[in-house]
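Remarks on the structure that follows.
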Amino acid sequence: MSSVGSLSSSTSNSIRGYGGLASGLDRDELIKGMTLGTTSKLNQQEQKKQKIEWMQEAVRAISDKMISFHGKYTETLTSSSNLFSSLLWGRNKITTSGANSKYVSITGTASGADAMTILGIKQKAQNASLSSKKMASNGEMTSEAIQKDQKYTDLKGKTLNFKYDDKEYSIEIGFDFTDNELAAKAIQSQLNAVMVDEEAKIKLGDLVKIEGDTTNGFTIKKGDKVESGKEITLTGGTALTNMGIADASVELNDTGVKTTGTVATQTLAQYISGETLTFSYNGTEAKINIGEVKSLADKDANGEYSSDSVVGSLQKQLDAKFGEGRILVEATADNKLTFKTTVPGGTEADTSSILKVTGGSNEALSALGLSAGLSNRTNFDEKIKVTAVEIPIRDKDGNPVKDDNGDIAVQDGYKFKLNGKEVEVKAYKDSDGSYYITKKDLVNAINSSDANVTVTYQEAADKFTFTSKVNGASGVIDFGGNDDTAKALLSNAFGLDKTEMENGVRGKDAIVAVKYAGSDQVVELRRDSNTFTVDGLTMSLKGTFGYGADGNLVNPNDETNAIEINASVDVDKLMDTIKSFVADYNAIVDMVNGELTTKHDRDYDPLTSEQKGELSESEISKWETKAKEGLLYGDSDLRSLSMDLRVVVSGGLLTKFEEIGINLSSSYSDNGKLNIDESKLRAALETDPESVQKLFTSTAGKDAEGKETFNGLATNLKNVMNKYVKTIGSMETKGILIRKAGSKSAAQSLTQNTYYDQLTAIDKMIDKLKARLKTEQDRYISQFSTLETMIANMNSQSSYLSSMGGY
C-alpha cells in the first residue's frame, strides 16, 4: 500500500542478534530491505483477512436484522405480532352491551360471540364453606397460674471471681431463679462459656463445678480438669453473700466451699420490680415498665387495685399507652391475670380489638405466666383434653411407618370424621396423665387429610372458615359419622354451629341462562366455577340478574335486559403491529441498500501493526470506521436481495395496498421503502379487516370459487426471508446470507460459510509467508555474521601488520 499522510507502508520485524559492530553496516535495515517482498506479501494477506472479517461482520449484521424480523412477523406463530396469526386478525376483541353487562366479563372468539345472548345469571358458583358462628376464643388474654408466694434467688447481676494459672476470670450471673438447683445449673452454663485454654479446649466450667440444693444452698468445688501442680481459687464476687458463702480467696478442692449462711431470696413482687413487658394493641406496640411493686393484686380501701400492685401498675401504664378504658387488667381467684379489650366509658367487651404480648424480660414473662405471642385471640397451643386412641405413625408423605417387626408403628392420638374420611391428630400426655391435642395440630391434620377441606383463621374476627377444595356443588363440609363428644369438641374448638355440622353444607354451581342465535329456547348452563369457557368464549361472572325470588327467569321472552356479546377486530393492536412492521422493513431496506451503494475509499485500507503504532486509539477508530465503509459495494448477493425486497409489493398488489393507505415511497433514493397513511389504514381495518388480512397473508393459487389469488406482502417477505436467512436444515438448504457469512442463530454455519473458507485459506498463506520470512531472515543473519567475522579478522591482521612495520 502506498504511503498515506504520515503513515509508513511497511511492517516492522524484530530481527534477532546484533549486526554492524565490525562493518559499521545497519544490518537490520538492510535485511528489512532484502525481505521487503515477503513482508509486503504478508502485509497484503493480513489486510485482506481484515477486510473479509469486516465484510463478514457487515453481512451478519444484515442477516441478524432479517432473522429478528422473520421471527417477529412471518415465522414464529407464538409471536403476538405474527402476521399469519389468527389471534392478530381475528375478531377477538369481545365487548358486552346492555344494562347488566357489568355482571360478566367475556373474552374469546368471534364465532361464540355471534351465537349467544345472556338472559340472566341465577347464581354464582360457590365452594362449600362453613364458618364460626361465634368467636373461637373467649376474647380474653389469660396468663398461666402465678405462684404468688414463690421465692426467687437474688443473684441477677451479681459476680463470681476465680483465678487459675495466674489468670483472673469473672462471670456475671444473668438471672434470678425459683430454686438453688436451677440457679446452679444456669451458673454452670455460664462457666462453660468461658474459654481458658483454646488449644486444649479447656473451659472455666471444666475447672469449677457448682451445685445447688433447695435445702442446703450452694457448693463450689474443683473441676476434674485442673492440672496437677496448679490450683483453682475462688477469689470473691458480689454473689457470694447472696449465696450464703462467707469464704473468699480460697483454693477449691473436691469437697468445695459450701453455703454456711442464709441464701438471699426475694418475693415475686421484688423479683419483677422494674422488669418490662411489651404489648401490641391493634398493631400499635408499647413497652410497659412494671415499676416498683409490693404485691400481685392488692386492692386499696375503695376496692380498686392499688397502684403499687402488679395489676394496678400494669393498668395505669396500659391506660397511658393505649387510652383509658380500652384494656382491663384483673386477677382471678386462681391467681391468673386476665386482659380484656373494652369499649371506653364502661365494661362492654370490645371484640374487634386485638391485644398481644409481643415481648418482655424473661423474668416478667415467666413469673407472670405470660409468653411472647399470647393474645386475646385463639391460642393455637391451647390444650384440648381428649380420650386417646392408637393412630399410625406416618412419614412426611402420609404413609404409615413400620416398626422393626414389620408392623405398623402406632402412637397416641385422636380421630374424628370429616366428609367421611378419618382425620388423625397426634395426642400428648399431660402432667396429670391425661391426654390432649392442640388447635395447631388439629388444623394441620385437617388441611393435610383426604377430606378435601382447607381450614383458615381470620385473626381480626377470631373465626375459622372451612372451605371445600372441590369446586361447586361437588364439594361438601360434612361432620356426619361423629359422636356427640367429637361434635362438641370440634364445635368448641372452632366456634361452629352444631346444627350446621350435623346437616352438612354443599357448594353451589354457577347457573347462567343463555339463548343461541336462531333459537327461542332458553338454555341454563351449569358450571362449577365462576370462570369457564363455552363455545369459544371465556366468561367470568361478577353478579346475578334476571331471576326472580321463585328461582325462575322473570321474563324469558323479553331480551331488553339481556347481555349482548359483540366481537370486533382489535384495530389499535393491528395498527401498532403494521406500523412496527413497516418501520422494521424500511430499516432492513436502508441497511441493505446502504451497504450495496456505498463506495469504498481506496485510500483507506486496514492498518498494519506498524501503522497502528503511530496512531492514537481515537485515530485508529476513525480510520477503521472509514476503512469498513463500502466493502460490500456492488455485492451480487445484496443486489439480489435488494431487488427481491423491491418487488414484495408491486404490480396489482401495489395498487391494492395504495387503496388501504400503504404505498411505496416516491423518492428513488428510498429504494422501495414503504409509507403509511394512518387514517386510511385505520378506516380499512375498521370496515373490512378480512380484506386487509388477505393483502398481507394470501398465497398464489385459486380460491374455493376458482378465482386466481396472489401472494400477499407478508407471504412474499416470508419467502424472501427463507431464501436469504433460513437457519434450519442442512447447510445446502440454509439461506444465501447464512451460507455466505454464517450466523449465531445457526451454530453449524459459523464454521461452514464462504467467508470462513476464505479466511482459513488466508491463514494458511500467512503461516507460509511467516515461515518464508523467518527463513530469509535467518539466511541473511548468517551471511552478515560471516561478513562481520571476516571483517573483524581482517581488521585484526591489519593492526598486527601495522604494528610490525612500525607504523
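Can you give the FRET efficiency for Asp298 and Ser105, using 1/(1 + (r/R0)^6), R0 = 56 Å, r = Cβ-Cβ distance, to the nearest 0.05?
For Asp298 and Ser105, the calculated efficiency is 0.25.
Work out the FRET efficiency for Thr76 and Ser434 from their Cβ-Cβ distance, taking R0 = 56 Å, and round it to the nearest 0.05. Working shown, then result.
Numbers: r = 69 Å, r/R0 = 1.24.
With a Förster radius of 56 Å, E is 0.20.
Give the dimensionless ratio obtained when the Cα radius of gyration of segment 657-759 is divided by 2.2 N^0.38 Å.
Against the compact-globule rule of thumb, the ratio is 1.47.
Can you grab the distance from the C-alpha centre of segment 50-118 to the C-alpha centre of segment 750-770, Å, no decimals?
If you average the Cα positions of each part, the centres end up 43 Å apart.
What is the percent carbon and sulfur in the accessible area of segment 413-547, measuring with a 1.4 Å probe over the protein chains and ignoring ligands?
41
Which whole-number percent gives the relative contact order of the chain, counting Cα pairs below 8 Å spaced six or more residues apart?
Once normalised by length, the contact order is 19 percent.
Quick check for you: with a 1.4 Å probe and neighbouring chains kept, what is the accessible area per residue of the chain, in Å²?
Accessible surface, normalised per residue, equals 52 Å².
Evaluate the Debye formula for segment 37-190 with equal point scatterers sitting on the alpha carbons, no solvent, and hand back log10 of I(q)/I(0) at q = 0.11, 0.15, 0.18, 0.21 Å⁻¹, in q order, two decimals.
Here log10 of I(q) over I(0) equals -0.83, -1.09, -1.11, -1.34.
Give me the Å³ per residue figure for the convex hull around the C-alpha atoms of segment 385-485.
Dividing the Cα hull volume of segment 385-485 by its residue count gives 148 Å³.
Among the GluC sites (Glu not before Pro) within segment 647-745, which fall in a DSSP loop and have no more than 12 other Cβ atoms within 10 Å of their own Cβ?
Glu705
With charges only on Cβ, +1 for K and R and -1 for D and E, what is the dipole size of the chain about its Cα centre, in debye, rounded to 20?
Once rounded to the nearest 20, the dipole reads 2700 debye.
Mind checking the angle between helix 713-725 and the chain's longest principal axis? C-alpha axes, 0 to 90 degrees, to the nearest 10.
It is inclined by approximately 80 degrees.
Translational diffusion coefficient, Stokes-Einstein: compute it for segment 238-278 using the Kirkwood radius over C-alpha pairs as Rh, at 37 °C and 0.692 mPa s, and state it as an integer in µm² s⁻¹. Before the final figure, lay out each step's value.
Working: Rh = 12.6 Å.
Calculated translational D: 261 µm²/s.
With the alpha-carbon atoms as the only input, what is the per residue convex hull volume for segment 114-160 in Å³?
295
Could you grab the relative contact order for segment 112-222? Cα pairs under 8 Å, six or more apart, rounded to a whole percent.
Result for segment 112-222 is 16 percent.
Kindly provide the pair-distance distribution of segment 367-425 built from C-alpha pairs, with 10 Å bins from 0 and whole-percent values in order of increasing distance.
Final binned percentages: 17, 33, 27, 18, 5.
Ratio of Rg to Rh for segment 224-360, alpha carbon only, Kirkwood?
Details: Rg = 23.2 Å, Rh = 18.6 Å.
Ratio value, two decimals: 1.25.
Return the Cα extents of the chain along principal axes one, two and three, sorted largest first, each rounded to a whole Å.
128, 128, 64
Kirkwood hydrodynamic radius (Cα pairs, Å) of segment 502-543?
Value: 12.1 Å, from the Cα pair sum.
Carbon-plus-sulfur fraction of the accessible area of segment 141-271, 1.4 Å probe, in percent?
With neighbouring chains kept in place, the figure for segment 141-271 is 43 percent.
Of Ala493, Gly651, Tyr436, which is farthest towards the positive pole of the chain's charge dipole, taken about the Cα centre with +1 and -1 on the beta-carbons of Lys, Arg and Asp, Glu respectively?
Gly651
Would you please state the base-10 log of I(q)/I(0) at q = 0.10, 0.17 1/Å for segment 16-106, with intensities from the Debye formula using one equal scatterer on every alpha carbon?
-0.64, -0.91
The values are calculated or read from the model by the stated rules, or taken from the named source; none is laboratory data. Predicted, not measured: the structure shown is a model, and the values here were computed from it. In this analysis, Cβ positions are derived from the backbone assuming ideal geometry, glycine residues included, and neighbour counts consider all displayed protein chains. Each accessible area value is taken on the protein alone, full model and side chains, heavy atoms only, with ligands, DNA and RNA left out. Shrake-Rupley method; radii C 1.70, N 1.55, O 1.52, S 1.80 Å.
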